[in-house]
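Trainee: Below you'll find the structure I mean.
What follows draws every value from the coordinates through simple rules; no lab data is involved. Fair warning: this is a prediction, and the values are worked out from it, not measured in the lab. Because the Cβ atoms are built from the backbone with ideal geometry, glycine has one as well, and the counts that use them run over all protein chains shown.
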Amino acid sequence: MTTTTTRSPSTTDATGRRRPRPGQLELVAVALLVALGSAPVVGPLLDRPEVVTWSTVFLAIVVQSTPFLVLGVLLSAAISVLLSERVLARVVPKRPVLGVPVAGVAGLGLPGCECAAVPIAGSLMRRGIAPAVALTFLLAAPAVNPAVLVSTAVAFPGQPEMVLARFIASLTTALVVGWWCLSRGSRLPIVLRARSLQDEAGARERFVGTARHDFVHAAGFLVLGAMLAAAVNTFVPRSIVDTVAGQAVLGVLTLAAFAFVVALCSESDAFVAASLTAFSDTAKLVFLVVGPAMDVKLAAMEIGAFGSAFARQFVPVVVGTAVLSAVATGWWLL
């Protein structure tokens, strides 16, 4: 019987000899040793009441939202296989002015993580779909799909108006930006990157790859968002939170900036928003609309996919439209 050995990645030192590079197992072992060694110092800090409160809030957000994150990831991956961008390209009207609303509504049937929507939009453009239509879909798919709406309903029990407001404000943002892109026409400086190998992947590979990417990406940002939300509720003095949240304009701008920086997945951000109890429902709606439409990671991805000149125009228009749409919808419904 032949046995094979797996070698860790290695590098070459100054003498030309190859030396092993630490792998994940080694890094985990070092982290555990550091944790054990620092236990006498860190242990008493972890028993402080504010740290216990922080950990309770953090775990509550993560545990409550994880099932819906998994459900949303699996649903998105399945639909990305059954209803690919090829199908969308066939059903979208040839006239872009009609294609914009069709692409917005298509977000209901072809959901996906914000990150997955960027390459799909690029693929649609390469298939001949007008950029305004593809970008409308990019904004609508992560924001108005069933998984997002269901998670919002669970995060805000007894508040169906929040679900409706999120749907209306997000769809309005996608349509307004789509028509703005249509009005710009050839003046919109889009530079498409080359087609990726994933565009030609088979159904099984696409399902597994999409599910793995979306879950790993979304779970990481969910944990980060839950940590920050728990910190706001625990460590920031209540007087400061009340002062910021009590001023309508400042509260809206604060949560808009928070959504842009934290970059949560749209399938779990409702639970973080619901935990920010000091803020008004309109400010929470701004958080829920701005995040899926534009955040720091999406801006970076769009620079890579469509060029920096495009992003300089597109990003501020999306953020401004999302804030205004959410504020108007919140004033009307909430």
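Trainee: Tell me whether the stretch 226-283 comes out rounded, prolate or oblate; compute the Cα gyration tensor, take square roots of the eigenvalues as a ≥ b ≥ c, and use a/c under 1.5 as the rounded threshold.
Mentor: Oblate, since a/c reaches 1.5 and b/c is not below a/b.
Trainee: Starting with the fewest neighbours, write out TRP180, TRP332 ranked by other beta-carbon atoms found within 10 Å of each beta-carbon.
Mentor: TRP332, TRP180
Trainee: Which shape class, rounded, prolate or oblate, goes with the stretch 147-186 when its Cα gyration tensor gives a ≥ b ≥ c as root eigenvalues, a/c under 1.5 marks rounded, and past that a/b bigger than b/c marks prolate?
Mentor: Judged from the Cα gyration tensor, the stretch 147-186 comes out prolate (a/c at least 1.5, a/b above b/c).
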